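What follows is a single structure, written as structure tokens, with notes after it.
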Amino acid sequence: MLEHLVQNWIVRKPVARSRGGIVATQNRVAGEAGAKILAAGGNAVDAAVATGFALAAVEPWNSGLGGIGFMLVYLAKENRVQVVDFGPISPRGLNPADYPLIGGGITTRDLFTWPTVKDDRNVHGPLSIAVPGHADGLGLALETFGSMKLAQVMQPAIELAERGIAVDWFLTLKVATMARELARYPTTREVWLPHGFPPTTAPGAPLERLELKGLADTLRRLARAGRRDFYEGGIAANIVNDIRAMGGILSADDLKHYRARIVAPLETTYHGTQLALAPGLTAGPSMTGALIALADARFRPGGPHADAFVAYAKALRETYEERLATMGETSDHRDPSTTTHFNVIDRQGNMVAHTQTLLSVFGSKVVLPATGILMNNGIMWFDPRPGSPNSLAPNKRPLTNMCPLIARREGKPWFAIGGSGGRKIFPAVFQISSFLIDHGMTLEDAVHQPRIDASGGDTVGVDPRLPQAVQQALADKFPVSLTELVVYPTNFACPSAVLNDAVSGEHFGAADVMSPWSGAISEDDV
């Protein structure tokens, strides 16, 4: 039984439908930037890069120039998927001894229940910053798979940054929940806590605009000078100078040697569907393991019914037990993560599934004064204890939770999906993929279908909107906790997807149901 009912309503999001291109994202304003690129003749990658940069200006606590991520690209002419890996790497000068544990069994309360490090220096501040790959990753994707110039696809982001971010209730909520942390650093405080308080717009008044100082100038320079300016030019110099002045260790060599890379996906076949995922230190291998565990399942028709959710819980719990034991991660706390995900399909059937992140909400909480860049806190992905596969070390990649996926059926593109929400991402992608593949649901029904969350920990989180028969079947097999799908906090992942109906030739897009800013938009609508 729920201790406290937070929301008592039924929420639905409109689904985009078109024979043209569609962008489905956690932030519809950024999605419009991508849709306009599609309408101007750009392909799915052009639109994805435009959307990815635009998010820095309109959803800055989730991702941006100071972040990292993974992009899956499906190329219709070649009928194959490739991965742009712009994941995090720790600085070369990182010394694990600089992150001493304080002892006493105290754990951090931000995303992962690691033992607490002195001053939480792996969680926030200049020592929490990993090498950011965002600019190089998006630039590499554009150069390799796009059809437009960097300056073209970055123009919407520049215009949005010049205008400033709209101060609505959701922005006020986001800032208010992190106000104590944002107040620690002068530049961050100056931007996000004007006059010492979270920004607000008076009731009935036109929306205030919050200026992200320095960001528009940095975006303009990057568009003009190219992606490597972030790593070897004037932007790089400003980043290093600011971080060094704050006592950080990210160096010019760290930026100079960083290279996003194009790699082959992790591929598997599940119930006649070919699935491509990000490989390596992502949730891709765990997703593959869960699909293997589910491969022999045969579900009652007309579902998903109780048998499906019991099978999902079993597969997820077994997979997470192996993940935590062999890949070095520990339990999530329920604090919100800051990842964002979006998907694109264009008229030619090219697809993108793209996840980018700062890790925690507002990342390191550090806004760099010379550039206006909000930096990631990627060092928190590492286990601060020595001796595990994911322990802190210099020039090392940590284990992450991102799970972008592209599905093909009978040699044709079918759907692209992913989400935000830390360790809750892959359970959401796993279930929605099964809803589509095993139960023949429409995309609209699949994203609105209540889910469970079995991402480690002692209990299976169960959406109380699921039928009593499902709840009872789960409770008979596992310890369960009723968990509402709410705006805040993020109790379940925030998924989005695009889908190609090979029979009708129509494309569909759907975004997270509960995110107030999310939306799917077609090129016909801009």
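Here, each number is a calculation from the coordinates, and none is a lab measurement. Since the model is a prediction, treat every value here as computed from it, not as a measurement. Virtual Cβ from ideal backbone geometry, glycine too; neighbours counted across all protein chains shown.
Taking a threshold of 19 Å on the Cα-Cα distance, which of the pairs Lys174/Lys365; Lys13/Lys412; Lys13/Lys36; Lys213/Lys365; Lys36/Lys149 fall above it?
Listed pairs above 19 Å: Lys13/Lys412; Lys13/Lys36.
Taking every pair of Cα atoms in the range 440-526, average 1/r, invert it to obtain the Kirkwood radius, and report Rg/Rh to two decimals.
Rg/Rh: 1.06.
With N denoting the number of residues in the range 20-162, provide Rg(C-alpha) divided by 2.2 N^0.38 Å, to two decimal places.
That ratio works out to 1.28.
Taking 0.36 nm per intervening residue step and subtracting the Cα-Cα distance, what contour gain separates Ala97 from Asn79 on full extension?
The span from Ala97 to Asn79 would gain 1.7 nm if fully extended.
Consider a paramagnetic label point 7 Å from the Cα of Ile10 along Cα→Cβ; state which residues of the range 427-446 have an amide N under 16 Å from it.
Answer for this model: 444-446.
Treating the chain as a set of equal point scatterers at the Cα positions, no solvent, please give the Debye-formula log₁₀ I(q)/I(0) at q = 0.10, 0.11, 0.13 Å⁻¹.
-0.73, -0.89, -1.29
Highest mean first, what order results for 416-426, 9-19 on Cβ atoms within 10 Å?
Sorting 416-426, 9-19 by mean packing, highest first, produces 416-426, 9-19.
Normalise the Debye intensity by I(0) for the range 203-283, one equal point scatterer per Cα, no solvent, then take log10 at q = 0.14, 0.16, 0.23 Å⁻¹ and round to two decimals.
The Debye formula, applied to the Cα set alone, gives -0.75, -0.81, -1.08.
Determine by what factor the alpha-carbon radius of gyration of the range 362-441 differs from 2.2 N^0.38 Å, reporting the quotient.
Here the answer is 1.54, to two decimals.
Which peptide among 434-445, 205-216, 41-52 comes first, and what is the full order, when sorted by highest mean count of other Cβ atoms within 10 Å?
41-52, 434-445, 205-216
Compactness ratio of the range 241-286: Cα Rg over 2.2 N^0.38 Å, N = residue count?
Rounded to two decimals, the normalised Rg is 1.93.
May I ask you to sort Thr269, Thr319, Thr25, Thr172 by Cβ crowding, counting other Cβ atoms within 10 Å and putting the fewest first?
Thr269, Thr172, Thr319, Thr25
Using Cβ contacts closer than 10 Å as the measure, can you line up Ser388, Ser515 from fewest to most?
With the sparsest Cβ surroundings first, the list reads Ser388, Ser515.
Averaging the inverse of every distinct alpha carbon separation and then flipping it gives the Kirkwood radius. What is it for the range 381-486, in angstrom units?
16.2 Å
Enter the per residue convex hull volume of the range 265-413, computed from alpha-carbon coordinates, in Å³ rounded to the nearest integer.
Dividing the Cα hull volume of the range 265-413 by its residue count gives 167 Å³.
Helix-only estimate, please: 222 nm mean residue ellipticity of the chain, summing -39500 (n - 2.57) across DSSP H runs of length 4 or more and dividing by its residues, to the nearest 500.
One gets -9500 deg cm²/dmol as the mean residue ellipticity at 222 nm.
Highest first, please rank the peptides 465-476, 299-310, 369-380, 283-294 by the mean number of other Cβ atoms sitting within 10 Å of their residues.
My ranking of the peptides, most packed first, is 369-380, 283-294, 299-310, 465-476.
DSSP beta bridges in the chain, what fraction antiparallel, as a percent rounded to 5?
In the chain, DSSP labels about 95 percent of beta bridges as antiparallel.
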